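K.L.:
Mind looking over this structure? Questions follow.
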Amino acid sequence: MSGILHAVFFSPTHGSKKLALAVAWPLAQALGKELCEHDLTYPPGRAKKLCCGPDDVLLLAFPVYAGRVPRLLDGFLSVLDGKGARAAVMAVYGNRHYDDALLEAVDALQKRNCDVVAAAAFIAEHSLASAIGTGRPDDRDMELAGEFARHTAQAILSGHAGPVAVPGNHPYKELPPAVDIRPKTSEACTQCMLCASQCPVQVISEDDPALVNQGCIRCCACVKACPEQAKFFDQEPVLKIIAMLEEKCRDRKEPEIFTV
Ligand SMILES: Cc1cc2nc3c(=O)[nH]c(=O)nc-3n(C[C@H](O)[C@H](O)[C@H](O)COP(=O)(O)O)c2cc1C
Ligand code: SF4
Ligand code: SF4
């Protein structure tokens, strides 16, 4: 079989990327396709238009934000040209729930002329609360990622058409109102600039990493990347979310796989 497996991912704190590649490698091998990675985490990746060929397969992986697909992917998805390519989606969530994110992603890809035959919800450490989903994806998750690759390959080779049925509701869960909350920086900062290089929306000043401009999506890439633990959120709304997660979301959730 000819064609390309396009592994498309947005992954500020690297959980979705790890899982996407754990699926993409065996899936490309099972289907005899060349693997091509498309990292949408940073602006140059998001600015490119992806045009699939009819023999191509697309795998989309993203973190669940507020039970939905991250809005930063809207631009990429609105110009994607699927050309009938078979597709699979992975919603990666922080052990609370994925709500309508998987359904929203399936709908979005179908709208762009992809035939979505497989979907999965996986778990990674919660970006805002490291006590939730700690250490995930772990060995068991990685095994199940391999299983998802096998199920997806079978669904593609079976020739059955999508869209795959997934949990979720129309209309999608309402998004919370936009709030301007930015990370703070402690005196431990050594000005190494790692945080600025990891910010998906480039709002951390290149001259002064303590200066964070408007537009932060609270992805926590800077918080997790900082070698000095100098970046942090201590604002009341964030602390409330962390408290809710620590009270209600400690029980381990398991990955779910759906195919046609
Ligand atoms: C702004 C924001 C909103 C989030 N909303 C949810 C959510 O609704 N449900 C959930 O289980 N996890 C939620 N998470 C956690 C992420 O989905 C989870 O940590 C994900 O693995 C991060 O992916 P990444 O490592 O690829 O960046 C949220 C994280 C952030 C930063
Ligand atoms: S990563 Fe941490 S230490 Fe480095 S510039 Fe950013 S806040 Fe400062
Ligand atoms: S400044 Fe905001 S958007 Fe940028 S990396 Fe930090 S949390 Fe993410």
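K.L.:
So for region 1-132: antiparallel DSSP bridges make up what percent, rounded to the nearest 5?
P.N.:
5 percent
K.L.:
Any chance you could check the Cα centroid distance between region 188-252 and region 100-173 for me, in angstrom?
P.N.:
Comparing the Cα centres of region 188-252 and region 100-173, I get a distance of 26 Å.
K.L.:
What list of ³J(HN,Hα) couplings, whole Hz, do you get for region 182-197 from phi and the Karplus terms 6.51, -1.76, 1.60, once you set θ to phi - 60° and write x for glycine and proline?
P.N.:
For region 182-197, the Karplus-derived couplings read 10, x, 9, 10, 8, 5, 6, 4, 9, 6, 6, 6, 4, 4, 5, 6 Hz, x marking Gly and Pro.
K.L.:
If we count other beta carbons within 10 Å of each Cβ, what is the order of PHE10, PHE62, fewest first?
P.N.:
Fewest to most other Cβ atoms nearby, the residues stand as PHE62, PHE10.
K.L.:
Under the Karplus relation 6.51 cos²θ - 1.76 cosθ + 1.60, θ = phi - 60°, what is the ordered set of whole-Hz ³J(HN,Hα) values for region 168-177, x standing for Gly and Pro?
P.N.:
Per-residue couplings from phi come out as x, 10, 10, x, 5, 3, 5, 7, x, x Hz.
K.L.:
A further question on this structure: To the nearest 20 Debye, how big is the dipole of region 184-232 about its Cα centre, given +1 on the beta carbon of each Lys and Arg and -1 on that of each Asp and Glu?
P.N.:
Dipole of region 184-232, to the nearest 20 debye: 280 debye.
K.L.:
Using the Cα centre as the reference, give the magnitude of the dipole from point charges on the C-beta atoms of the chain (Lys, Arg: +1; Asp, Glu: -1; all else neutral), rounded to the nearest 20 debye.
P.N.:
320 debye
K.L.:
Right, here's the next one. What full-extension length gain, to one decimal in nm, is calculated for ASP55 and GLN229 as 0.36 nm per residue of separation minus the Cα-Cα distance?
P.N.:
Numbers: separation 174, 0.36 × 174 = 62.64 nm, distance 4.58 nm.
Taking ASP55 through GLN229 to full extension adds about 58.1 nm, to one decimal.
K.L.:
Holding the Cα-Cα limit at 22 Å, pick out from LYS18/LYS224; LYS48/LYS173; LYS184/LYS248; LYS184/LYS240 the pairs that are longer than that.
P.N.:
Checking Cα-Cα distances, LYS48/LYS173; LYS184/LYS248 exceed 22 Å.
K.L.:
Would you list THR13, THR152 from fewest to most Cβ contacts within 10 Å? Let's see the in-between values first.
P.N.:
Numbers: THR13 24, THR152 28.
Least to most surrounded, the residues fall as THR13, THR152.
K.L.:
Nearest 5 is fine: what % of DSSP beta bridges in the chain come out antiparallel, could you say?
P.N.:
Values: 8 of 35 bridges.
Approximately 25 percent, going by the DSSP bridge assignments.
K.L.:
Still on this structure: Highest GNM mean-square fluctuation, the chain, Cα pairs closer than 10 Å: which of TYR172, TYR98, TYR65?
P.N.:
TYR172
K.L.:
Show that you can apply the helix-only estimate: for the chain, add -39,500 (n - 2.57) for every DSSP H stretch of four or more residues, divide by all residues, and state [θ] at 222 nm to the nearest 500.
P.N.:
-9500 deg cm²/dmol, from helical runs alone.
K.L.:
Using only alpha carbons, build the gyration tensor for the chain and give me the equivalent ellipsoid semi-axes, biggest first, whole Å.
P.N.:
Working from the Cα gyration tensor, I get semi-axes of 32, 20, 17 Å.
No lab work stands behind these numbers, since they all come straight from the coordinates. Quick caveat, the model's predicted, so the values are computed rather than measured. So basically every Cβ, Gly included, is an ideal-geometry build from the backbone, and we count neighbours across all protein chains shown.
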